[in-house]
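Here's the structure, in structure tokens; my notes come after.
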Amino acid sequence: MSETRIVSLFDIHLPYNIPLEPVFAFIKDFKPHVVVLGGDVHDFPSVSPWLANQSRAWIGGTLKENYAEMDKRVFKPLARAAPKAEVVYLEGNHEWRLRRAVELEPNGEGYWNLEKNLPSFVTLLAMNVPYKASAHLYYVHGDKIGKHHSAQMSAMWRKSVLYGHVHDVQVTTDVSPIDVGELYKAASVGCLCRLNPLFMKNRPNRWVNGFNYVYVEDATGYFADVQVYIINGEFIANGRRYGK
């Protein structure tokens with residue numbers, strides 16, 4: 001029976017990312033049909049509302065440099081690791097900064113927009129528009145926060161949904177009394193950014209480094225997903241160790 005393999009990477013937050021080479025090595029071995037970039041691929045400090053007119057002096061560089069960094073450190077390595085994969089980019093809250101920047105300065109229209117600066121093999125989905133992997137599985141950047149965000153996501157979507165935004169790993173499962181055979185889950189899958197970047201100022205958090213891969217049965221749409229935890233740059237996936 002045929003299946004579709006999917007890898008999802010959330011919250012890379014360039015330039016505050018962890019080393020991505022082991023993740024790309026796994027992707028090369030796994031040979032996914034789809035790679036979901038789940039939003040906040042870059043932190044985009046160049047258009048941060050928190051930095052206002054001082055943004056160009058920030059460590060993150062200019063917007064042009066941000067796009068060049070994405071191409072060099074994410075898109076080109078991904079194209080080499082999975083040249084035949086469909087790449088879906090979910091707009092996150094940090095990508096939303098780009099829309100706000102164009103709204104505030106219309107002269108950036110056609111130049112600053114994310115869709116104008118992506119490789120041709122990348123499909124962009126707007127904020128809160130999910131990627132439908134099957135009738136039973138959806139991907140979205142996510143917008144819930146707090147201690148019980150997965151329960152909130154489950155209650156809102158009423159479908160299995162994998163998401164990011166919160167940088168941790170949390171799962172809620174539900175079964176409808178109308179159809180007890182239909183189990184669904186909402187799960188955050190961790191982040192690929194450093195767990196204590198400078199801007200966090202050593203505040204405690206629940207962040208977890210990780211990503212997710214999935215097998216979707218084509219005939220039924222049912223799926224099996226695997227949560228990968230990255231500890232000090234190393235992880236085990238599909239029986240192989242990656243990292244240092």
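The values are calculated or read from the model by the stated rules, or taken from the named source; none is laboratory data. These numbers come from a predicted model, not from an experiment. Virtual Cβ from ideal backbone geometry, glycine too; neighbours counted across all protein chains shown.
Annotations
- Pair list, Cβ < 7 Å and 6+ apart or interchain, from the range 60-85 residues that are more than 18 Å from Thr123 (Cβ to Cβ) to residues that are of a type in the set (D, E, K, R): Gly60/Asp43; Thr62/Arg56
- Residues satisfying the stated conditions in the range 100-125, i.e. within 14 Å of the chain's Cα centre (by Cα) and either at pLDDT below 95 or among the β-branched types (Val, Ile, Thr) (or both): Val122, Thr123
- All positions within the range 225-244 that are part of a strand (DSSP E or B) and under 19 Å from His165 (Cβ atoms): Asp225, Gln227, Val228, Tyr229
- Filtering the range 94-117 to residues that are among the aliphatic types (A, V, I, L, M) and touching a Phe, Trp or Tyr at 6+ places or on another chain (Cβ under 7 Å) leaves Leu98, Ala101, Val102.
- Scanning the range 132-157 for residues that are within 22 Å of Asn205 (Cα to Cα) and over 18 Å from the mean Cα position of the chain (by Cα) yields Gly146, Lys147, His148, Ala151, Gln152.
- Pairing each residue of the range 106-120 that is at positive phi with any residue that is exposed (fewer than 15 other Cβ atoms within 10 Å of the Cβ) and not in a loop (DSSP other than H, G, I, E, B), provided the two are 6+ apart or on different chains, yields C-beta distances under 9 Å for Gly110/Lys116.
- Evaluating Val214 against the criteria (1) in contact (Cβ under 8 Å) with a residue 12 or more places away in the chain; (2) closer than 19 Å to His94 by Cα; (3) not polar (S, T, N, Q) leaves one unmet condition, (2).
- Within the range 29-58, being of a type in the set (D, E, K, R), assigned to a helix (DSSP H, G or I) and modelled with pLDDT under 95 holds for one residue alone: Arg56.
- Remark: pairs (first residue in the range 163-183, under 30 Å from Asn209 (Cβ atoms); second residue acidic (Asp, Glu) and assigned to a loop (DSSP other than H, G, I, E, B); Cβ separation under 8 Å; 6+ apart in sequence or on different chains) = Gly164/Asp11; Gly164/Asp40; His165/Asp11; His165/Asp40; His165/Asp143; His167/Asp11.
- Only residues that are part of a loop (DSSP other than H, G, I, E, B) and of a type in the set (Gly, Ala, Ser) were counted across the range 116-133, and they come to 2.
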